[in-house]
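Note sheet for the following structure.
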Amino acid sequence: VQLQASGGGVVQAGGSLRLTCAASGPTSTSYAMGWFRQAPGKEREFVAGITFSGITTQYADSVKGRFTISRDKDKNMVYLQMNSLQPEDTAIYHCVARNGGAISKTESLNPYWGQGTQVTVSS
């Protein structure tokens, strides 16, 4: 599956952004999908995931209550709505996919990665 992320940008603290990931491939709708991020000088970390059914979602503790992941199976799209953004949310955000029930919080277990989209939150 091929993944294309978009929607990053520069926003002030307290603002919102919505990231979009477009998936393509013959079986793209059977993949769990999600987002990881990597801040400058830090390791890549799990942000959010959604099962291929769209019923179950997972979030990192640092974004719970602020970020919402959703998907449109008909359009093969996954979205990450990010509200109440803080400077510590500044990072490159990567869309990921995994064949199976859920995204793994261990990045090496998610075989499909899209290019990143930069999110910068100014204070």
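The values are calculated or read from the model by the stated rules, or taken from the named source; none is laboratory data. Computed from a predicted structure; not experimentally measured. Backbone-built Cβ (ideal geometry, glycine too); neighbour counts: all protein chains shown. The protein model used for the area step is the full one, side chains on, heavy atoms only, and it has no ligands, DNA or RNA in it. Shrake-Rupley method; radii C 1.70, N 1.55, O 1.52, S 1.80 Å.
Computed packing ranks the peptides 52-61, 69-78, 86-95 as 86-95, 69-78, 52-61, most packed first, by mean other Cβ atoms within 10 Å. When only alpha carbons are used to place a centre, the stretch 1-64 and the stretch 75-103 end up 1 Å from one another.
In the context of the full set of protein chains, the stretch 65-105 has a per residue accessible area of 45 Å² (1.4 Å probe). This model, with +1 at the C-beta of Lys and Arg and -1 at the C-beta of Asp and Glu, gives the stretch 28-77 a dipole about its Cα centre of some 80 debye.
Give me the net charge of residue 78's neighbourhood, meaning all other residues with Cβ under 9 Å from the Cβ of residue 78; Lys, Arg count +1, Asp, Glu -1. Net of charged neighbours comes to 0. Net charge dipole, the chain: roughly 160 debye, given to the nearest 20, about the Cα centre with Cβ charges of +1 for Lys and Arg and -1 for Asp and Glu.
Counting only protein heavy atoms and a 1.4 Å probe, tell me what percentage of the chain's accessible area is made up of carbon and sulfur.
48 percent
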